[in-house]
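Following: one structure in structure tokens, then a few remarks.
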Amino acid sequence: MNHFNRKIISIHNDSELNEAEVILKQTVNTTVRKLPLATFQEHEKQSDDEDGGDKLTNQSVGGVQRARQLAEENPGDTLPAVYGGLFTVAEYFTRSFDAIKGKFFEKVIAAEEGSHRLDVDRNLGNLTQYLLEPELCWKSLDYTRETLTDDEVDRLSNLDSVTLNLGKNNKQANSDATLFFEDEGILVFGEHRTSVVSGGTTARPSLMRKPKALVRELTKSKEVSTVSGEVEREYGIPADSYTLTELLNQVGVDDIHFHIGILFNEKRTPARWEEDPQQGTSRRLIEQFEEELPTEFTEDLRNISLDADNLKLEFEVPVSPDSDASISFHLSFLYGDVYLNTIYSGSLDGVGQNGSLDAFDSPQSLRDIISDNEADDLWLGFSIAERENKVFEMSDDGRNNAMAIADMILRSDKSTKRLAEFRSMLLAGERKKADEELLSFARDLAERYNESRDNSYVEGVYGGDPLDYLQDVAIEVLVYDAISRPIFLRRFPGTEEAEDEEEKELARVRETFEKYLFKIESDTKKKRRIYRCVRNLTEYSDSDDNVPASGDDEVNWDSAPTSSDIGDVLDMRAPTKILNSMTDGTKDTDGGMLVNHRSKYAVPASVAQLMEPYMRELPDDVEVDAYQASATDF
């Protein structure tokens, strides 16, 4: 990808992205928002860093280099670079990344399944809703391009009555993948493990928890659900009370396949049978499960068949104690692409050590479905952060190229206006226009800065064309402003720079902006809407406008809004608590973003002057008979 075709997705609303892009953005969003903070030397301020340290470490640098090496060992194979670069970097910038990584693969595997019926993280207690309405359950997933209609929402809600009354420890046994093949009567469950070494040997036994929970409920004689007359009329299931096995039989389930899938090998390519160093553990677990069936579950199971060499266990569960009818249960361990296609097809032809993709018509590959999720946000953000940290260390004035470009924008009314217009494009959802402007604006900034710089810092960290590198730096500056922190905060003094009491107060305001209004780990959209409303409705005595004549201008309290006014404008309850937090602070901040007088609130002139046009307009969906700035204001 050349320098004129960078693909940045994190700056866009989810509604502007396709499914693959939404999944990727959800996975790395926190990391991508934090990386520009590293570029601007603000990454040590993060309040969620438990040890207080800097997470841009040599360890993460080494992880990226390892991913590059693996890619070089497999020419033409994008998977090692994408998978390695995606997760090795991100895990150092967010907590519980193993869980996030698992969610990523769950969503990708579901999104790429052709029938659009594969459900993700389905709670066993809510299994009936999926079996009766698989398409609607898929549409309800947050990353799909589909949206439930009001009637469809009601249709799903009406199925709450058939929620299964299972054992406390079993109802929460969520499967990574659930797919019902109605015509064949096959219900497939999938449990993913990211790689052959994920979690070490101690983690492998946890993979058996969910199939055991399912079998334990299947073998109980207790009734778990009552079907109403309304459900009978809609879905044809006789109104009655059912055990889980009886209910599945009524829905049309004849066979249950539960597959445990190991996705990748140690080189981050799709795993194969012979590449699992922990296969002995899997064999021991499936043998142990077979031994437990008659003692810990029930003696009524029929035709128990264990094939330990092929990591396969099969048996039949009677629909009821006196019934000849039964539901077949199959459990197996699978690997990589064979696992993926076994889940997608419902076929058992690929099971076992001799299983291969030859068993499937038009097989798909993990390589293909992961590669569809490529974007430049993560690797570009990390690459720039890494290099700009080096530049910061080399510089004599405690700055780097990114900081210089940001300050160059703030010094120019033309650039400031252009930046505001770019933000307007993003807010308006004009993706194509915004993508073109991102590259054009970044290139213009790179050329202007390159002409004015009097150092060779670029050449010290980059061996190619300086303009290409500076364009990428400028892209990260624009990304920083769009999704991390607005660059207008650089007008405020930092805590270490503040000298007199006035500067110290502004430094505390800046910290409140950073930790409260633009906190990376939180969704602060509501707070920002409230602040923009106060900013818009604040007028000053000397200017008679919402732009102060100076930092000493006085607030016109007669026209200042109350909490109720703000609530009316934004169509919400009066946000008094949030307004007071902005004024007086919280346990982590000192406030000062607002001032109040009796029941009214306003932005102090000293703050508004430094913000200039930023956040001065009302949200797009608000219409009031009050001053509203132009579309280029923020």
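Restricting segment 585-598 to residues that are of a type outside the set (Val, Ile, Thr) and farther than 19 Å from Phe518 by Cβ leaves a set whose member that is surrounded by the fewest Cβ atoms within 10 Å (Cβ to Cβ) is Arg598.
Residue-by-condition table, conditions (1) surrounded by fewer than 19 Cβ atoms within 10 Å (Cβ to Cβ); (2) modelled with pLDDT under 50; (3) in contact with a Cys (Cβ under 9 Å, 6 or more places away or on another chain):
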{"site": "Arg6", "(1), (2), (3)": "yes, no, no"}
{"site": "Ile23", "(1), (2), (3)": "no, no, no"}
{"site": "Val28", "(1), (2), (3)": "no, no, no"}
{"site": "Asp51", "(1), (2), (3)": "yes, yes, no"}
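Here the condition is being over 24 Å from Gln26 (Cα atoms) and surrounded by 15 or more Cβ atoms within 10 Å (Cβ to Cβ); of Asn170, Asn165, it holds for Asn170 alone.
Exactly one residue among Ser415, Ser383 is in contact with a helix residue (DSSP H, G or I) (Cβ under 8 Å, 6 or more places away or on another chain), farther than 23 Å from Thr30 by Cα and not in a loop (DSSP other than H, G, I, E, B), and that residue is Ser415. Sub-6 Å Cβ pairs linking a first residue in segment 418-431 that is crowded, with 16+ Cβ neighbours inside 10 Å to a second residue that is at pLDDT below 90 and small (Gly, Ala, Ser), at least 6 apart or interchain, are Ser424/Ala631, ordered by first then second residue.
Restricting attention to segment 383-421, the residues being within 30 Å of the chain's Cα centre (by Cα) and of a type in the set (Gly, Ala, Ser) number 5.
Of the conditions (1) more than 30 Å from Phe258 (Cα to Cα); (2) among the aromatic types (Phe, Trp, Tyr); (3) touching an Asp or Glu at 6+ places or on another chain (Cβ under 7 Å), Phe441 clears all except one; give me its number. The one condition Phe441 does not meet is (3).
Selection of segment 198-237 for residues being free of Cβ contacts under 8 Å to residues at least 12 places away in the same chain and under 16 Å from Phe333 (Cβ atoms) yields Ala203, Ser206. Taken as a whole, the condition of being surrounded by fewer than 22 Cβ atoms within 10 Å (Cβ to Cβ), part of a helix (DSSP H, G or I) and in contact with a Phe, Trp or Tyr (Cβ under 7 Å, 6 or more places away or on another chain) applies to Ala507.
To keep it simple, each residue is scored yes or no on (1) more than 13 Å from Leu594 (Cβ to Cβ); (2) in contact (Cβ under 8 Å) with a residue 24 or more places away in the chain.
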residue: Ile530; (1), (2): no, yes
residue: Ser543; (1), (2): yes, no
residue: Asn546; (1), (2): yes, yes
residue: Asp552; (1), (2): yes, yes
residue: Ser563; (1), (2): no, yes
residue: Leu570; (1), (2): yes, yes
residue: Arg573; (1), (2): yes, no
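Scan segment 233-283 for residues that are under 18 Å from Val338 (Cβ atoms) and in contact with a Leu (Cβ under 9 Å, 6 or more places away or on another chain) and the total you get is 17.
Taken together, the criteria place Ser456 among residues that are surrounded by fewer than 16 Cβ atoms within 10 Å (Cβ to Cβ) and farther than 30 Å from Ser581 by Cα. How many residues does segment 390-403 hold that are more than 16 Å from Ser484 (Cβ to Cβ) and either in a loop (DSSP other than H, G, I, E, B) or open to solvent by 10 Å² or more (accessible area, probe 1.4 Å) (or both)? Adding up the residues that qualify gives 9. Only one entry of Glu73, Glu16 meets the criterion of being farther than 26 Å from Phe180 by Cα, acidic (Asp, Glu) and modelled with pLDDT under 80, and that entry is Glu73.
If I filter segment 297-316 for residues that are open to solvent by 50 Å² or more (accessible area, probe 1.4 Å) and in a helix (DSSP H, G or I), do I get at least one hit? Yes, segment 297-316 contains a residue that is open to solvent by 50 Å² or more (accessible area, probe 1.4 Å) and in a helix (DSSP H, G or I). Among the residues here, Thr524 does not qualify as touching a residue at least 60 places away in the same chain (Cβ under 8 Å), open to solvent by less than 20 Å² (accessible area, probe 1.4 Å) and either within 22 Å of Tyr601 (Cα to Cα) or not basic (Lys, Arg) (or both). Within segment 336-353, residues that are without any contact (Cβ under 8 Å) to a residue 12 or more places away in the chain and under 19 Å from Asn265 (Cβ atoms) reach no partner that is in a loop (DSSP other than H, G, I, E, B) and open to solvent by less than 10 Å² (accessible area, probe 1.4 Å) with beta carbons closer than 7 Å at six or more positions or on different chains.
Let's see how each residue does on (1) open to solvent by less than 50 Å² (accessible area, probe 1.4 Å); (2) modelled with pLDDT of 65 or more; (3) in contact with a Cys (Cβ under 7 Å, 6 or more places away or on another chain); (4) farther than 28 Å from Leu380 by Cα:
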residue	(1), (2), (3), (4)
Tyr92	yes, no, no, no
Phe104	yes, yes, no, no
Ile109	yes, yes, no, no
Gly114	no, yes, no, yes
Asp119	yes, yes, yes, yes
Arg122	yes, yes, no, yes
Leu127	yes, yes, no, yes
Pro134	yes, yes, no, yes
Trp138	yes, yes, no, yes
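All but one of (1) among the polar types (S, T, N, Q); (2) under 23 Å from Ser206 (Cβ atoms); (3) outside any helix (DSSP H, G or I) hold for Gln288; which doesn't? Against the list (1) among the polar types (S, T, N, Q); (2) under 23 Å from Ser206 (Cβ atoms); (3) outside any helix (DSSP H, G or I), Gln288 comes up short only on (3).
Which residue out of Leu263, Leu293, Leu334 is at pLDDT below 95, assigned to a strand (DSSP E or B) and of a type outside the set (Lys, Arg)? Going through Leu263, Leu293, Leu334 in turn, just one is at pLDDT below 95, assigned to a strand (DSSP E or B) and of a type outside the set (Lys, Arg): Leu263. For Ile237, the conditions (1) surrounded by fewer than 17 Cβ atoms within 10 Å (Cβ to Cβ); (2) not in a helix (DSSP H, G or I) are fulfilled apart from (1). Test Ile369 against the criterion of being within 26 Å of the chain's Cα centre (by Cα), among the β-branched types (Val, Ile, Thr) and either open to solvent by 10 Å² or more (accessible area, probe 1.4 Å) or closer than 30 Å to Arg272 by Cβ (or both), and give yes or no. Yes. Consider segment 173-227 and keep the residues that are part of a loop (DSSP other than H, G, I, E, B) and among the charged types (D, E, K, R). The one that is most open to solvent (accessible area, probe 1.4 Å) is Asp183. Taking the listed residues Asn169, Asn158, Asn165, the one that is within 25 Å of Arg209 (Cα to Cα) and in a helix (DSSP H, G or I) is Asn169, with no other qualifying.
When each of Ser347, Ser328, Ser362, Ser320 is tested for being open to solvent by 40 Å² or more (accessible area, probe 1.4 Å) and farther than 22 Å from Val197 by Cα, the lone residue that passes is Ser362.
The values are calculated or read from the model by the stated rules, or taken from the named source; none is laboratory data. Please read these numbers as outputs of a predicted model, since none were measured by experiment. Counting neighbours? That spans all protein chains shown, and the Cβs are built from the backbone with ideal geometry, glycine included. Quick note on the areas: whole protein, heavy atoms, side chains included, nothing else; ligands and nucleic acids left out. Shrake-Rupley method; radii C 1.70, N 1.55, O 1.52, S 1.80 Å.
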